[in-house]
Amino acid sequence: MSAYENPNYVRVFDTTLRDGEQSPGASMNLDEKLRIAQILEEMGVDIIEAGFPIASEGDFRAVNEIAKLLTEPVVCGLARATRADIERAAEAIKPAKRGRIHTFISTSPLHMKHKLQMDAEQVHEAVVESVSFARRFTDDVEWSCEDGSRTDADFMCRCVESAIEAGATTINIPDTVGYAMPDEFAGMIAMLFNRVPNIDKAIVSVHCHNDLGMAVANSIAAVKAGARQVECTINGLGERAGNAALEEIVMGIRTRPDNLPFTTGVRTEAITKASRLVSTVTGFVVQPNKAIVGANAFAHEAGIHQDGMLKNAQTYEIMTPESVGLSASKIVLGKHSGRHAFREKLRELGYDLGDNAIQSAFKRFKDLADVKKEIFDDDLIALVDDEVVRTNDRLQIVSLEILCGTKHRPPEAELELEIDGEVKTCKATGDGPVDASFNCVKQLFPHRARLQLYQVHAVTQGTDAQAEVTVRLAEEGKTVNGQGADTDTMVASVKAYVNALNKLLVKREKTAPVALSI
């Protein structure tokens, strides 16, 4: 029996590359999307929603390239209930071994009146037309009723029945604004099974947002009520407060089979690797106390907890670190460590780099080991991520010198920046060393982007800790986040600023996507 024939198998639909990318500042370039798509395939995700093809040429190309690259998961493109959207999605997924068109329209009274300016009959007609048209291109069509949790029950049942009759093979019920509570959301799913006569001809899916912190709870409640597909993202990334977190849903099912007698195809040992890649690419730092993937998820400081852990790990850990891809190894790296130990440690942390990348990362590791007494796992992660993310940047830092302090006013920065292969140099002053450094960047690469966020945190403890800096830039409605790490906070700051500018350059070439939030 195949996994899909198992009535308790839950399909994992990952929308990190579509809904996750809609987080302000989380846009990804093509190379970044391809890397994330590959790790999602490695994880065993069933369906990957790779983007919204009609939103921009960049989105179309990303979906199209992912469709060419992947062989195992279904590759899905999102489309509104219009022929142009559906045709564009169909063209994007055409190379896929298995492709899906996901079309949607709002069904709540509030959305129909104020957003669509359509009445119920017009919306129902659009449901039938859009699904029927999508079926011309693929046998795998998903239909969603946007703002489902605020939709009239009778109208929802009518639209779901018609969508299935028109050829939808998956019916998705979104809690678009994170409004529902677990009991009522489960009741809504149960209602569909009780009232829609042809519901057995489709897979029921859910897509929950986290505005009230209920996304994972609502998703799990829906699965218990009969849903067999959950739409989610790595790290819970997504618009506003985000989406249901893939890692929390999957590990909940794996850890509590007594309460959740379901299975997924996700190889959970790749979860940490995926979480770190998405965090690095988007610049969205995972909070330390985040379930499953936070830095403190398997950390124990209280004496009573430590005593219990030493006697039996199960006293305070309901899952093992290894089950999510963390290593229990205690290899200590320092300036005397060799390349072999370095490579093995990176493999334990989820990185399998090529020879050239290892050589570059090892040199940076040695430089870091000269200035830090102790190298922690998080130091290595920051070091490698900082290297990998910037492989194709148009702007690269060559050198930075700062003069500041009580006797040097105003602070002065001297910066060498490589721009499209040409090295340029300038000096600038500012209110502080960071301001002076950023003014240098503006002189060498003039732009109108506004700094919305500047945030510094230490990667590890101690006065020799690496600084990890996050900056957010905004330009003409486009928002990007940049990250940089270094033991020198000023160097990390300029790295983050330049990283954000590189992302902005990519985003300038894309047409701003239409706001979507199913």
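Evaluate the following for Ser205: is it within 25 Å of Cys76 (Cα to Cα) and outside any strand (DSSP E or B)?
The answer is no for Ser205.
Checking the structure you have, find out if any residue of the stretch 8-29 is over 21 Å from the mean Cα position of the chain (by Cα), in a loop (DSSP other than H, G, I, E, B) and over 30 Å from Leu501 (Cα atoms).
Yes.
Can you tell me how many residues within the stretch 397-433 are among the small types (Gly, Ala, Ser) and either loosely packed, with under 11 Cβ neighbours inside 10 Å or not in a strand (DSSP E or B) (or both)?
The first filter runs over the stretch 397-433 and keeps only residues among the small types (Gly, Ala, Ser), leaving 399, 405, 413, 421, 428, 430, 432.
Applying the additional criterion that residues be either loosely packed, with under 11 Cβ neighbours inside 10 Å or not in a strand (DSSP E or B) (or both) yields 405, 421, 430, 432.
Of the residues in the stretch 397-433, 4 are among the small types (Gly, Ala, Ser) and either loosely packed, with under 11 Cβ neighbours inside 10 Å or not in a strand (DSSP E or B) (or both).
Inspect the stretch 96-105 for any residue being touching a helix residue (DSSP H, G or I) at 6+ places or on another chain (Cβ under 7 Å), not hydrophobic (A, V, I, L, M, F, W, C) and not in a strand (DSSP E or B) and give the result as yes or no.
no
State yes or no: is Glu231 touching an Asp or Glu at 6+ places or on another chain (Cβ under 8 Å) and modelled with pLDDT under 95? Show your work before the answer.
On the way: touching an Asp or Glu at 6+ places or on another chain (Cβ under 8 Å): yes; modelled with pLDDT under 95: no.
No: the conditions fail for Glu231.
If Lys290 satisfies every condition in (1) assigned by TED's automatic domain parsing to the domain that holds Asn218; (2) surrounded by 17 or more Cβ atoms within 10 Å (Cβ to Cβ); (3) of a type outside the set (Ser, Thr, Tyr) but one, which is the exception?
It fails just one condition, (1).
Examine the stretch 139-150 for a residue that is small (Gly, Ala, Ser), crowded, with 24+ Cβ neighbours inside 10 Å and in contact with a helix residue (DSSP H, G or I) (Cβ under 6 Å, 6 or more places away or on another chain), and state whether such a residue exists. Step through it out loud before you land on a result.
At the first step, the residues of the stretch 139-150 found to be small (Gly, Ala, Ser) are 144, 148-149.
So of that shortlist, the ones also crowded, with 24+ Cβ neighbours inside 10 Å come out as 144, 148.
Keeping just the survivors that are in contact with a helix residue (DSSP H, G or I) (Cβ under 6 Å, 6 or more places away or on another chain) gives none.
No: the stretch 139-150 contains no residue that is small (Gly, Ala, Ser), crowded, with 24+ Cβ neighbours inside 10 Å and in contact with a helix residue (DSSP H, G or I) (Cβ under 6 Å, 6 or more places away or on another chain).
Would you mind stating whether Ala217 is assigned by TED's automatic domain parsing to the domain that holds Val131 and more than 23 Å from Asp119 (Cα to Cα)?
The answer is yes for Ala217.
What are the residues in the stretch 272-292 that are at pLDDT 90 or above and either at positive phi or in a loop (DSSP other than H, G, I, E, B) (or both), if any?
Within the stretch 272-292, Lys290, Ala291, Ile292 meet the criteria.
Can Pro182 be described as over 17 Å from Ser108 (Cβ atoms), within 26 Å of the chain's Cα centre (by Cα), in the same structural domain as Lys115 (by TED's automatic domain parsing) and not polar (S, T, N, Q)?
Yes.
Can you say whether Ser130 is among the polar types (S, T, N, Q) and out of contact with any strand residue (DSSP E or B) (no Cβ under 6 Å at 6 or more places or on another chain), as far as the supplied structure shows?
no
Conditions (1) outside any loop (DSSP other than H, G, I, E, B); (2) under 25 Å from Thr264 (Cα atoms), marked per residue:
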position: Cys157; (1), (2): yes, no
position: Pro174; (1), (2): yes, yes
position: Pro197; (1), (2): no, no
position: Gly213; (1), (2): no, yes
position: Ala221; (1), (2): yes, yes
position: Ala227; (1), (2): no, yes
position: Glu231; (1), (2): yes, yes
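Can Ala227 be described as buried (at least 21 other Cβ atoms within 10 Å of the Cβ), of a type in the set (Gly, Ala, Ser) and in contact with a His (Cβ under 7 Å, 6 or more places away or on another chain)?
No; evaluated as a whole, the condition is false for this residue.
If you scan the stretch 318-337, which residues turn out to be at pLDDT below 75 and more than 19 Å from Arg276 (Cα to Cα)?
Matches in the stretch 318-337: Lys330, Ile331, Val332, Leu333, Gly334, Lys335, His336, Ser337.
Considering only the stretch 32-70, state which residues are in a helix (DSSP H, G or I), more than 25 Å from Asp393 (Cβ to Cβ) and more than 16 Å from the chain's Cα centre (by Cα).
Pro53, Ile54, Ala67
Which condition breaks for Ala163 when tested against (1) small (Gly, Ala, Ser); (2) buried (at least 20 other Cβ atoms within 10 Å of the Cβ); (3) under 30 Å from Ala274 (Cα atoms)?
(3) is the only condition that Ala163 fails.
The values are calculated or read from the model by the stated rules, or taken from the named source; none is laboratory data. Everything numeric here is computed off the predicted structure, so don't read it as measured data. Because the Cβ atoms are built from the backbone with ideal geometry, glycine has one as well, and the counts that use them run over all protein chains shown.
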